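S.K.: Once you've had a glance at the structure underneath, I'll fire off some questions.
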């Protein structure tokens, strides 16, 4: 409101000046210089009052984030180092299995730590694209998930090099596979197939009613309220796909399963 008022006062002053002094080349030049000086002054005030606090807030956020990440990394590294040492001395098979579960959980926590670092950096900096193997990435992600003793995977992927934001791609795949596992019986097979330029993930879970598919990528949407989650996974998947120009389609039948297709032609080298 103050900005509009100041513009009105400035225009009124110019009008008054030209009316009283006549419209000449010199008077027009004087009025223009006056407008320029006032505009620069007002711009400086706006930048100082509005942008400076935001800059300070961003700097505090970056500093706080780095401190938190540093503190999180210390206990994580301690857990991993001690589980490695204990494995060398444990002979009890039951205890060793429990220790392996702790180790798997710490690996998952380490992955979440990396994703948190990535998410913060993504908000602050531009994430660079890189080349990576689709086949290697999928085998790596499924191997980590299988450590939790959940669903088996049937993977049929030929070698393909992609050029994209790799960590974001991993996050997207993890979200899709975790959803497939979450909404399926733990013995149910999850298929991952490479069909021409597309990646297809198929589960045989509870499926989604066709009338609800239009809402599935909305933030905080949950197809099944009985399953734990915040309903933001598929929204993040859709956001990443839009940024990387990956077309994503979802086909689901209630009580029969869900098929997700990712068109990768824009990220294939």
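S.K.: Starting from the Cα gyration tensor of the stretch 85-187, multiply each eigenvalue by 5, take the square root, and state the resulting semi-axes largest first in whole Å.
M.R.: That gives 28, 19, 14 Å for the three semi-axes.
S.K.: Measuring from label point to label point, each 7 Å out along Cα→Cβ, what is the residue 114 to residue 79 span in nm?
M.R.: Reported label-point gap for residue 114 and residue 79 is 1.6 nm.
S.K.: Given the peptides 244-253, 170-179, arrange them by the average over their residues of other C-beta atoms within 10 Å, most packed first.
M.R.: Most protected by this proxy first, the peptides run 170-179, 244-253.
S.K.: I'd like to compare 79-85, 137-143: which one has the highest average count of other Cβ atoms within 10 Å, and what's the full order after that?
M.R.: The packing order, highest mean first, is 137-143, 79-85.
S.K.: Hey, fewest Cβ within 10 Å first, where do 117, 237, 33, 267 land in order? Intermediate values should be presented prior to the final figure.
M.R.: Working: 117 16, 237 25, 33 10, 267 20.
With the fewest neighbours first, 117, 237, 33, 267 line up as 33, 117, 267, 237.
FYI, it's all coordinate maths here, none of it is from the lab. Keep in mind the model is a prediction, meaning the values are calculated, not measured. Reconstructed Cβ throughout: ideal geometry from the backbone, glycine too, with neighbour counts over all protein chains shown.
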